[in-house]
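The values are calculated or read from the model by the stated rules, or taken from the named source; none is laboratory data. Predicted, not measured: the structure shown is a model, and the values here were computed from it. Neighbour counts are summed over all protein chains in view; Cβ atoms, including those assigned to glycine, are modelled from backbone coordinates with ideal geometry. For accessibility, only protein heavy atoms count, side chains too; no ligands or nucleic acids. Shrake-Rupley method; radii C 1.70, N 1.55, O 1.52, S 1.80 Å.
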Amino acid sequence: MTDTTSRPVTERRRADESTAQQDQKGGLRSPESRGRTTIADSVVEKIAGMATREVPGIHNLGTGMARTIGGVRERMPGGQPSVTRGVHVEVGEHQAAVDLDVVVDYGFPIADVAAGVRISVVSALERMTNLEIVEVNVAVDDIDLPEDEEGQEGAEQRVE
């Protein structure tokens, strides 16, 4: 005959605690489920920045002032390009959202470039972080014209 009466709460707690202890001591849980992994916002920003720069038609990232300051930093001895310039993220436990400020090369269809950025960023982040990417917002702040570079080169050659 089976006992149909429920056990008191204290007995259920002890049973749950002993099962948890068995999992920890006996190794019943798989190794990958032991512990917790956290991913810093800066890691997600770097991955998103690198994935964005790989898309054809992306000239640069960041707003006007950020690009100017970044350009000065890069020209200083030992200066390195900022991978996270123009990249802003919100990272939760299981999801992330990405905001990008980009400069597109002249002649590339902006809608196609933005779609390529979304595909590249989402696939890179989901593959590397296992986070669900809920949105990738792309703000096109400028377009790089070919004559802009020619004018800058002429100015650099004139002054020595």
Across the range 113-139, the tally of residues that are free of Cβ contacts under 8 Å to residues at least 24 places away in the same chain and of a type in the set (A, V, I, L, M, F, W, C) stands at 3
Condition (residue is closer than 24 Å to ILE143 by Cα, surrounded by 13 or more Cβ atoms within 10 Å (Cβ to Cβ), modelled with pLDDT of 95 or more and among the basic types (Lys, Arg)) applied to the range 82-92: is it met by at least one residue? no
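Do the conditions hold for VAL55, that is, is it modelled with pLDDT of 85 or more, open to solvent by less than 70 Å² (accessible area, probe 1.4 Å) and assigned to a helix (DSSP H, G or I)? Show your work before the answer.
Working: modelled with pLDDT of 85 or more: yes; open to solvent by less than 70 Å² (accessible area, probe 1.4 Å): yes; assigned to a helix (DSSP H, G or I): no.
The answer is no for VAL55.
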